[in-house]
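Here is the structure we will look at.
Any read-out appearing in this document is the output of simple, stated calculations on the displayed coordinates, not a laboratory observation. Just so it is clear, the model here is predicted, and its values are computed rather than measured.
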Amino acid sequence: MNASTVRDDRPLVIFGNKLSASLAWYCIVHDSPWQVAAFTVDAAYVGDGHHEGLPLLPFETLEAHFKPADCRLLIPMGYQQINGVRRARYEAAKARGYAFASYVSSRASVWPDLVVGDNVLIYEHAIVQPFARIGSNCIIRSGAHISHHCQVADHAFVAAEVAMGGEAFVGEQAFVGVGAVLRDRVQIAPRSFVGAGAVVVADTEADGVYVGNPARKLAKTALQVS
């Protein structure tokens, strides 16, 4: 799909009952054509069955309330388990036949031919330059700068105020923390964890944790810090 939020008469169901779900709900309500009908979470976390004044439904039995053909899902979860939790729920919903919405803030700076996947959220004041590509199930937070010819692969998370130089690449399921800087053409390997404020000037290794200026690799793995 292109960068515009596609209009659809089907209601939207948001996965989650934490702050990230509330943030997505607020933006959708105030800045999109979507109508949010409910939230969904794993049954163990349903609690009193409401979130933000809407029904909170068990994900395992969502079909009893919203069949796949009758709604779209949005999964705005954070980077828990190096984005693995969001990926697992996304893939589970997709296997059950659910389709997904994507949200691109009207306050983001994007070009009309920007290509994004499904279940993507691009928040306000993010800048995505020409020829950049955003995969599916990605989060791009406020103020991030995705330079020309960059690529953000599926299931990745780019935090607020990240600056990516031209042709930089963020690999599948990687996390780039608040205010990090990626040198042009640098390759962030799958499931890498780049800490807040890190300045990455060389390619990373899969599952590595990188902090500092210039970024150095820690002994911990990405799963241990996320």
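Between Ala21, Ala69, Ala206, the GNM of the chain built on Cα springs shorter than 10 angstrom shows Ala69 fluctuating the most.
Inverting the mean 1/r over all pairs of different Cα atoms, compute the Kirkwood radius of region 104-225 and quote it in Å. Kirkwood hydrodynamic radius for region 104-225: 13.7 Å. Remark on Thr40: its backbone amide H falls under 5 Å from those of Ile14, Phe15, Gly16, Leu57, a criterion applied only to residues 5 or more positions apart or on other chains, H modelled at 1.01 Å from N. Calculate log10 I(q)/I(0) of region 1-118 for q = 0.20, 0.22 Å⁻¹, where I(q) comes from the Debye formula with a single equal point scatterer on each Cα and nothing for solvent. Summing over Cα pairs of region 1-118 leads to -1.18, -1.41. Calculated mean residue ellipticity, 222 nm, the chain: -4500 deg cm²/dmol, from DSSP H runs (n ≥ 4) at -39500 (n - 2.57) each, averaged per residue and rounded to 500. Please list, or write none, the aspartates and glutamates whose alpha carbon is within less than 20 Å of the alpha carbon of Lys94, excluding same-chain residues fewer than 8 places away. Leaving aside aspartates and glutamates fewer than 8 places away in the same chain, those within reach of Lys94 are Asp8, Asp9, Asp42, Glu60, Glu63, Asp70, Asp118, Asp154, Glu172. Give the percent of DSSP beta bridges with both residues in the chain that are antiparallel, rounded to the nearest 5. Roughly 15 percent of the DSSP beta bridges within the chain come out antiparallel. Pairs of alpha carbons in the chain separated by more than 22 Å make up 48% of all such pairs.
Please give the direction-averaged projected area of the C-alpha convex hull for region 116-177, in square nanometres with one decimal. Let's see the in-between values first.
On the way: hull surface 12.6 nm².
With every direction weighted equally, the projected area is 3.2 nm².
Taking Val211, Val152, Val13 in turn, the Gaussian network model of the chain (Cα-Cα springs below 10 Å) assigns the largest fluctuation to Val211. Computed from Cα positions, the angle between helix 80-95 and the longest principal axis of the chain comes to roughly 40 degrees. Distances between placed amide hydrogens fall under 5 Å for Ala99 paired with Leu73, all partners being 5 or more residues away or on another chain.
Amide H to amide H distances under 5 Å link Thr221 with no residue, where only residues 5 or more positions off or on other chains count and H is placed in the peptide plane. Using the Karplus relation 6.51 cos²θ - 1.76 cosθ + 1.60 with θ = phi - 60°, the per-residue 3J(HN,Hα) values for region 27-35 come to 5, 4, 4, 9, 8, 7, x, 6, 10 Hz, with x marking Gly and Pro.
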